[in-house]
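**Student:** Take a look at this one; I'll ask things after.
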Amino acid sequence: MARVAFIGLGNMGGGMAANLAKAGHDVRAFDLSAEALERARKAGCLPAASAAEAIAGAEAVVTMLPAGSHVETLYTETLLDGADAGAILIDCSTIDVATARRVAEAATQRGLLAVDAPVSGGIAAANAGTLTFMVGGAVAAFERAEPFLEDMGKAVIHAGASGAGQAAKICNNMILGATMVATCEAFALAEKLGLDQQRFFDIASVSSGQSWSMTSYCPVPGVGPETPADRDYQGGFAAALMLKDLRLAMEAATAVGAKVPMGERARALYEAFAADGQGGLDFSAIIKAL
């Protein structure tokens with residue numbers, strides 16, 4: 001087993017670090033939150049006083065941070081100079097493609113291997129070790145990162161060169177955001193037309209309108225498998241995080257001149273939902289706005 005540094009122990013990172021420790025790795029963890037560090041300690045990680053202390057001697061450095069600016073600052077101010085020469089740098093944050101490519105190029109110039117490896121699956125999958133990782137980077141970097149990612153997930157897929165993991169993540173979540181809105185619209189319309197919600201689910205879930213948002217993450221309480229809708233839309237994937245991903249998708253689309261009208265409409269709807277103070281609810285709670 002290896003020494004692993006884990007930086008960023010939030011809702012996702014905490015569970016991921018715990019699974020690395022469970023797999024037998026020597027995990028040195030750092031976060032600005034004392035509570036997060038204590039949870040990591042209880043999960044078998046060794047809390048570090050700083051990011052620099054965590055990465056000292058680490059064979060792999062995993063980062064799970066809120067935004068591209070945090071990732072780039074950590075890389076330029078700490079990781080690139082402090083990481084061991086043979087370390088693999090694995091950024092699991094969801095950030096913009098341009099920043100992912102910049103930090104990977106900076107790492108390459110220092111002789112380090114680096115990948116962008118954003119995740120899909122949410123908090124429950126992070127805790128259960130069943131995440132999907134979409135990985136961007138050179139083949140050699142992917143091969144070094146893969147064993148560590150497998151200890152945190154059920155699927156590890158090489159998407160392509162640096163930045164490809166982030167591209168896959170934002171495109172995937174643009175689909176998710178738009179289909180969730182459409183699913184919520186359909187349930188709201190079905191109810192107004194007098195259809196029983198369970199009966200409509202039974203029909204649509206085996207018909208051409210079926211989607212993951214319909215069958216695995218139904219936004220209607222008491223219908224389908226248990227979802228955040230059954231917990232008053234608590235937990236799951238916050239609407240504010242969906243909005244973040246949709247904004248990243250729109251920025252990327254603008255940068256390459258892509259037309260994404262459905263993605264743009266989903267972004268506008270989640271923008272209004274978050275502005276109404278609902279950003280902390282699960283993203284399926286957008287049904288409340290319909």
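The values are calculated or read from the model by the stated rules, or taken from the named source; none is laboratory data. Keep in mind the model is a prediction, meaning the values are calculated, not measured. Cβ placement follows ideal geometry from the backbone for every residue including glycine, while neighbour counts extend to all protein chains displayed. All accessible areas refer to the heavy atoms of the entire protein, side chains included, with ligands and DNA or RNA removed. Shrake-Rupley method; radii C 1.70, N 1.55, O 1.52, S 1.80 Å.
**Student:** For the pairs 169/288; 154/288; 22/288; 154/259, flag any whose C-alpha to C-alpha distance is greater than 30 Å.
**Tutor:** In this structure, 154/288; 22/288; 154/259 exceed 30 Å between Cα atoms.
**Student:** Right, another one. Considering only protein heavy atoms and a 1.4 Å probe, what is the carbon-and-sulfur percentage of the accessible area of the chain?
**Tutor:** Carbon and sulfur together cover 56 percent of it.
**Student:** Residue 174 accessible area, nearest 10 Å², 1.4 Å probe?
**Tutor:** Accessible area of residue 174: about 40 Å².
**Student:** Pick the calculated Kirkwood radius over Cα pairs in Å for this structure from [x] 19.7; [y] 21.9; [z] 22.4?
**Tutor:** It is the value labelled [x].
**Student:** Follow-up. How high is the FRET efficiency from residue 84 to residue 251, r the C-beta distance, R0 35 Å, rounded to 0.05?
**Tutor:** So, using R0 = 35 Å, E works out to roughly 0.55.
**Student:** Also, quick follow-up: Kindly work out what percent of the DSSP beta bridges joining two residues of the range 96-239 are antiparallel, to the nearest 5.
**Tutor:** If we restrict to bridges inside the range 96-239, about 35 percent are antiparallel.
**Student:** A further question follows. Using a 10 angstrom cutoff on alpha carbons, build the Gaussian network for the chain and name the most mobile of 31, 116, 230.
**Tutor:** 230
**Student:** Given R₀ = 35 Å, what would the calculated FRET efficiency be for residue 69 paired with residue 262, taking r from the Cβ atoms and rounding to 0.05?
**Tutor:** 0.80
**Student:** Another question about this same structure. What is the gain in length, in nm to one decimal, between residue 98 and residue 232 on full extension, counting 0.36 nm per residue of separation less the C-alpha to C-alpha distance?
**Tutor:** Roughly 44.6 nm would be gained on extension.
**Student:** Counting each DSSP H run of 4 or more residues in the chain as -39500 (n - 2.57), what helix-only mean residue ellipticity at 222 nm follows after dividing by all residues, to the nearest 500 deg cm²/dmol?
**Tutor:** About -14000 deg cm²/dmol.
**Student:** Can I ask one more? Could you work out how much longer the chain between residue 32 and residue 206 gets when fully extended? Use 0.36 nm per residue separation minus the Cα distance between them, nm to one decimal.
**Tutor:** Value of the extension gain: 58.0 nm.
**Student:** Hey, another quick one. Quick one: angle between helix 97-109 and the longest Cα principal axis of the chain, in degrees between 0 and 90, rounded to 10, please.
**Tutor:** For 97-109 against the chain, the angle is about 10 degrees.
**Student:** Among 189, 241, 37, whose mean-square fluctuation peaks in a Gaussian network model of the chain (Cα, cutoff 10 Å)?
**Tutor:** Between 189, 241, 37, it is 189 that shows the largest mean-square fluctuation.
**Student:** Against the longest alpha carbon principal axis of the chain, how many degrees, from 0 to 90 and to the nearest 10, is the axis of helix 261-273 turned?
**Tutor:** 90
**Student:** Continuing with the same structure: Students sometimes get this wrong: rank 1, 16 by accessible area, probe 1.4 Å, all chains present, largest first.
**Tutor:** Most to least solvent-accessible, the answer reads 1, 16.
**Student:** Now a separate question. Could you report the accessible area of residue 171 in Å², rounded to 10, computed with a 1.4 Å probe on the protein chains as they sit in the structure?
**Tutor:** Taking all protein chains as shown, residue 171 has close to 80 Å².
**Student:** What ranking of 216, 211 comes out by heavy-atom accessible area, probe 1.4 Å, highest first?
**Tutor:** Largest accessible area first, the residues go 216, 211.
**Student:** Another one. Out of 34, 161, 51, any idea which swings most in a Gaussian network model of the chain, alpha carbons joined below 10 Å?
**Tutor:** Fluctuation is largest for 34.
**Student:** Under a 1.4 Å probe, what is the accessible area of the chain per residue, stated in Å²?
**Tutor:** 45
**Student:** What is the distance in Å between the Cα centroid of the range 4-56 and that of the range 119-174?
**Tutor:** 19
**Student:** Turning to a different aspect of this structure: Kindly state, to the nearest 0.05, the FRET efficiency for residue 289 paired with residue 77, given R0 = 41 Å and r defined as their beta-carbon distance.
**Tutor:** Result of the calculation: an efficiency of 0.50.
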